[in-house]
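Rule-based calculations on the coordinates, nothing more; no lab input. Quick caveat, the model's predicted, so the values are computed rather than measured. Here the Cβ positions follow ideal geometry from the backbone for every residue, glycine too, while neighbour counts run over all protein chains shown.
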2 protein chains.
Amino acid sequence: MAYRRTDSVAARLADTRRHILNAARELVAEGGFAAAQMTEVARKAGVATGTLYRYFPSKEELCRQVFREVSAREMNVLAGIAQGPGTASARLESVLRTFATRAVRGRRLAFALLAEPVDVGLAEERARFRRTHGEIFSGILEEGIASGEFPARDVKVTAACIAGAIPTALIGPLAPESHELDEKGEKVVDEIMTFCLAGVGLLQPRIKVKSPEPRIGEPRIRA
Amino acid sequence: MAYRRTDSVAARLADTRRHILNAARELVAEGGFAAAQMTEVARKAGVATGTLYRYFPSKEELCRQVFREVSAREMNVLAGIAQGPGTASARLESVLRTFATRAVRGRRLAFALLAEPVDVGLAEERARFRRTHGEIFSGILEEGIASGEFPARDVKVTAACIAGAIPTALIGPLAPESHELDEKGEKVVDEIMTFCLAGVGLLQPRIKVKSPEPRIGEPRIRA
DNA sequence: CGACAATCTGAATCATAGTTCATTCTTGTA
DNA sequence: TACAAGAATGAACTATGATTCAGATTGTCG
C-alpha cells in the first residue's frame, strides 16, 4: 500500500478550502465580486495562486460557491420564516421586512448579490437566487389565497414583482457609495413593504384580516 | 488655405457615424451587448476597426451611446403618455402597460437594456435609465396623490418599486431563450399591472375613480 | 530512513478583446 | 496637377487577469 489520505490531512485540506472560501467571501463583502481576483483571494487566504486551482476548477466556480453560500444563508432565514407559524399575511410581512432589513444591514454584500455588475456565470447564480426568492413568496401567497387572506392572483408573477421591487427600491440607497440608508433605512423599508403588501391586495383587504400571532420584534407597518 | 471640411464630407462623416451606431444597435438587438464587439461592429458597419476610434473614443462610449439612444426612445414614449391628458391613474395605467408591452415586443433589446449582464459603464447607464423611469412614475404619482386618486406615499420609493417589479417579473420570460411570452405575454402584463396598481393603492380605491379618457387600444386591466 | 505520492508554489504563459499607429487612400485648394 | 491635410485601414500591440506547470515541499508507509 502506497499512500492513504489521513484524517489530519483531510482536515487540513478542508480547512484550506474554508480559508479560501472565507477569504473570497470577505473580499466580496468589502469590494464586491469585482474585488475577488484570484491573486487577491490567494493572498488573503495565505496560499499560492496555483493552490486555488487545486480546490476550485476555475474562478467562476469559486465565485459561484461563494455566491451560493452567502445567498443560501439569506434564503434559509427567509424560508424559516415562511415555514414558521402564523397567518400567511403575517409571514409575508415578516419575510419582506426581514429581506429588506437584512439587505440594508449587510449593505455591500447585498449589493453584490443583488445588483453589482457581474459576468454571466454569476448572473445565472443570481437568477437562481431570485427564483428562489420567488418560490418562497409564491408559497406564502398560495397559502394566503387558499385561506382567503389575499385575492386570487398569478402567484408566480406576483412573487417576481416582489422579488424585483425590493432590491430595486433599495439599490440606489444600496449602492456602495450611498449613505442614504444610514438614517432613512427604516422608513424606506416601511415604504417598500407598504407597496408590496398593497400589491398582493393586503392593505385594503375586502375582509379585514386579523393577524393572530404578531411576532415579537416585528412591528406592524404603519397603516 | 489648405483644407476645409466641405458639407459633403461632413455629411459622409455623419453618415458613417450613423452606420456605426446602427450596426452596433443591430448587434445588440440580436445578441445583446455581449455581441457588440468592436471587430463585429466594424464589420457590420463596413468600416475598419480603427475607424471606430475616429468616431468614438472607446468601446464603452460607443455602447453607452447605443444604450442612450435606445433607452431614450422608450423613455420618450413613456414621458409622452405621462405628460398627456387623462387622470393620473389612467396615465399610470397606460404607462405601465406600455412599458411592459413594449418590453415584451422588443424582447431581446429589452433584455439587453434591463437585465443582461453588462460591465460597469453600461450598468451606470442602466441605472440612469431606471432612475428616469422612476421619475416618470413619480411625477404621475405625485399628481395622483395631489388629486386624491392615490393615497399619500413616498413617491420615490414607490416609483422605484414599480421600476423594479416590471422588469423582474418579465425577466424570466424575457430571457432570450425563453418563449414563454409568445403566448402568455398579455396575461403576464396584466398580472404585473394588477400588482403595481394595487401597490400604489389604486385597485381598491377609497373613492371610486372614474377615468374620463380611456385610450383607444389601451384596454382596462381586468378588475 | 528512503521512495513514492500528494500537495503547494508563483513566475511564466495564455486568452480575449480593446486599442494603437504607420501606412495608404481621399479630399480640398492653389 | 501638385501637394497638404484629413480620413480610413487593419495588422500589430497591449492590458488585464485567469490559468498552467515544472520544480520544491510535505506527508505516508514499508
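Miscellaneous remarks
- Neighbouring partner chain Cβ atoms per residue of B:107-119, average, 10 Å criterion: 2
- A point 7 Å from Cα along Cα→Cβ stands in for B:Glu183, and the other copies hold the same point at 5.4 nm, listed in rising order.
- Under 19 Å from the Cα of B:Lys184 - aspartates and glutamates, other chains or at least 8 residues apart: A:Asp154, B:Glu218
- Helix B:180-199 axis versus longest C-alpha principal axis of chain B: approximately 50°, rounded to the nearest ten.
- Largest GNM mean-square fluctuation across B:Ala82, B:Ala169, B:Ala103, computed for chain B with C-alpha springs under 10 Å, falls on B:Ala169.
- Compared with the dominant principal axis of the Cα atoms in chain B, helix B:59-83 is inclined by about 30°.
- Burial ordering of B:Val118, B:Val47, B:Val41, fewest other beta-carbon atoms within 10 Å first: B:Val47, B:Val118, B:Val41
- Label spacing, shortest first and in nm, from A:Ala11 to its equivalents in the remaining copies (7 angstrom along Cα→Cβ): 8.3
- Where labels lie 7 Å past Cα in the beta-carbon direction, separation of B:Asn22 and A:Asn22 in nm: 6.0
- Take A:Arg73, move 7 Å from Cα toward the beta carbon, and the resulting point lies 4.4 nm from the same point in each other copy, nearest first.
- For a modelled paramagnetic label at B:Lys187, 7 Å from Cα along Cα-to-Cβ, the residues of segment B:144-171 in reach, with backbone nitrogen under 19 Å, are B:169-171.
- Helix B:120-146 axis versus longest C-alpha principal axis of chain B: approximately 30°, rounded to the nearest ten.
- Fluctuation leader among B:Glu183, B:Glu69, B:Glu26 - chain B, Gaussian network, Cα springs under 10 angstrom: B:Glu183
- In this rough spin-label picture, where each label sits 7 Å from Cα along the Cβ direction, the B:Ala146-A:Ser8 distance is 7.8 nm.
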